[in-house]
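Since the structure comes first, as structure tokens, the remarks are kept for the end.
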Amino acid sequence: MKSLKAKELRDKSVAELEALVNEEQAALYKARRDIVFRQLTDTASVKVRRHNIARILTVISEKQRGQA
């Protein structure tokens, strides 16, 4: 799991970003579930996914504020 760059995210549209947030949230849910069942050993990926979601939501709010 790699960290997403804000510069790359700013090049995408709001619809693409919202789809990306949904993908990240689904992956975060799966990672949390795998930790509970001891199928995931890379627990740091949860933190990276949470930060990615926050980064994407920040870029979405910036774009929406810029349009208003």
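A few notes on this one:
Condition check ((1) small (G, A, S); (2) surrounded by 14 or more Cβ atoms within 10 Å (Cβ to Cβ); (3) at pLDDT below 95) across all residues:
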{"site": "L4", "(1), (2), (3)": "no, yes, yes"}
{"site": "A15", "(1), (2), (3)": "yes, no, no"}
{"site": "A26", "(1), (2), (3)": "yes, no, no"}
{"site": "K30", "(1), (2), (3)": "no, no, no"}
{"site": "T41", "(1), (2), (3)": "no, no, yes"}
{"site": "A44", "(1), (2), (3)": "yes, no, yes"}
{"site": "A68", "(1), (2), (3)": "yes, no, yes"}
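- Test result for L9, at pLDDT below 95, in contact with a helix residue (DSSP H, G or I) (Cβ under 6 Å, 6 or more places away or on another chain) and in a loop (DSSP other than H, G, I, E, B): no
- If you go through the stretch 51-61 and pick out every residue that is exposed (fewer than 14 other Cβ atoms within 10 Å of the Cβ) and touching a residue at least 12 places away in the same chain (Cβ under 8 Å), you end up with 2.
- Within the stretch 32-68, the residues that satisfy the criterion of being in a helix (DSSP H, G or I) and more than 22 Å from A6 (Cβ to Cβ) are R32, R33, D34, I35, V36.
- Selection status of A27, over 8 Å from the mean Cα position of the chain (by Cα) and either outside any helix (DSSP H, G or I) or hydrophobic (A, V, I, L, M, F, W, C) (or both): yes
- Selection count, the stretch 18-44, where residues are within 20 Å of E8 (Cα to Cα) and polar (S, T, N, Q): 2
The values are calculated or read from the model by the stated rules, or taken from the named source; none is laboratory data. Remember, it's a predicted structure, so these values are computed and weren't measured experimentally. Using ideal geometry, Cβ is built from the backbone for each residue, glycine included, and neighbour counts are taken over all protein chains shown.
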